[in-house]
Amino acid sequence: MLENLNLKNTKIALIGSSNNPEKYGNKILLNLLSKGHQVFPISKKEEYIANQKCFSEIKNLNFIPDIINFVIPPSIGFELTIDLVNQGYDNFWYQPGAESKEISDFLRLNNKNYIDDKCIMVESKNLNN
């Protein structure tokens with residue numbers, strides 16, 4: 001289950017990554033990178049963030065990420081979640097504000113691993129042992 005995951009060697013795709021230091025897509029990326037995590041920014045707007053190459057979509061990665069972390073509005077995240085589940089992805093993490101009952105119900109019905117009530121920046125301290 002995702003709650004028991006050790007982030008130490010985990011590949012994290014961060015959907016909603018941003019160069020704007022006021023946005024959580026930037027704060028989360030920088031925080032996880034500063035802790036030594038492998039983070040892959042997903043953004044249709046940016047080419048690079050914090051010297052990390054951005055990918056416009058998850059499918060452009062040459063691997064399957066261990067966690068797909070969402071920091072986008074739930075209305076956009078729900079449609080994307082449906083698409084990603086249909087593509088066979090399994091492990092989802094929704095930052096506070098990115099989660100919704102609709103997303104959680106869908107993931108539960110499809111037997112997917114997910115976290116929707118915790119911030120990865122806070123939890124990464126506990127999960128990196």
Most fluctuating residue of LEU109, LEU32, LEU84 in a GNM of the chain with Cα springs under 10 Å: which is it?
LEU109
GNM of the chain, Cα pairs under 10 angstrom: of VAL39, VAL85, VAL71, the biggest fluctuation goes to VAL85
Run the reach check for LYS53 against lysines, Cα to Cα strictly under 19 Å, same-chain hits fewer than 8 apart removed. What comes back?
LYS11, LYS23, LYS27, LYS35, LYS44, LYS45
Over segment 10-127, what is the mean sequence separation of C-alpha contacts under 8 Å (at least six apart), divided by residue count, expressed as relative contact order in percent?
23
Per-residue ellipticity at 222 nm for the chain, helices alone: DSSP H runs ≥ 4 residues times -39500 (n - 2.57), over residue total, nearest 500 deg cm²/dmol?
-9500 deg cm²/dmol
What fraction of the DSSP beta bridges in the chain is antiparallel, stated in percent and rounded to the nearest 5?
10
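Every read-out reported here was derived from the displayed coordinates using simple, explicitly stated rules and does not represent laboratory data. Computed from a predicted model, the values in this text were never measured in an experiment.
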